[in-house]
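Asks: Have a look at this one before I ask anything.
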Amino acid sequence: MDYATAVLALVQSVGGRCWRQQELTQVEGPALPNQNVVIEFPDEDTAMAWYRSDEYQATRPIRLGASSSSQIALVTGLGGR
């Protein structure tokens with residue numbers, strides 16, 4: 001299973017969108033060795049339901065196995081909605 005394809009489909013199924021960094025210009029601090037992705041959800045409840053869903057949890061081991069460092073954070077209040 002391709003993680004990116006699977007996650008994109010799951011995110012879209014709950015009304016979310018993925019924002020992937022295309023290019024990074026390091027301005028301050030050490031360079032980030034990983035790829036950064038922001039996933040936008042309609043609201044916090046949808047985000048948490050998506051994360052806890054059986055479908056996402058089935059794909060999560062792929063992400064963890066493919067990376068030496070992996071973080072997920074929930075940021076609320078962006079976008080002025």
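FYI, it's all coordinate maths here, none of it is from the lab. Here the structure is a predicted model, which means the values were calculated and not measured. Cβ coordinates were reconstructed from backbone atoms using ideal geometry, including for glycine residues, and neighbour counts include every protein chain displayed.
Asks: Contact order normalised by length for the chain, with contacts defined as Cα pairs under 8 Å and 6 or more residues apart; what percent is it?
Replies: On the way: 50 pairs, mean separation 25.8, N = 81.
So the answer I get is 32 percent.
Asks: Still on this structure, please answer the following. Ordered by packing density, taken as the mean number of other Cβ atoms within 10 Å over each peptide's residues, highest first, how do 14-20, 68-74 rank? If you can, show how the numbers build up before the last one.
Replies: Values: 14-20: 12.9, 68-74: 8.1.
Per-residue Cβ counts within 10 Å, averaged per peptide and sorted highest first, yield 14-20, 68-74.
Asks: Is there a quick way to get the dipole size of the chain? I mean about its Cα centre, with the Cβ of Lys and Arg at +1 and of Asp and Glu at -1; what is the value in debye to the nearest 20?
Replies: The calculation lands at about 100 debye.
Asks: In deg cm²/dmol and to the nearest 500, what is the mean residue ellipticity at 222 nm of the chain if only DSSP H runs of at least 4 residues count, each as -39500 (n - 2.57), divided by the residue total?
Replies: Numbers: 3 runs with 32 residues, N = 81.
Only helices count here, giving -12000 deg cm²/dmol.
Asks: Give me the base-10 log of I(q)/I(0) for the chain at each q in 0.11, 0.15 Å⁻¹, Debye formula, one uniform scatterer per Cα, rounded to two decimals.
Replies: -0.33, -0.62
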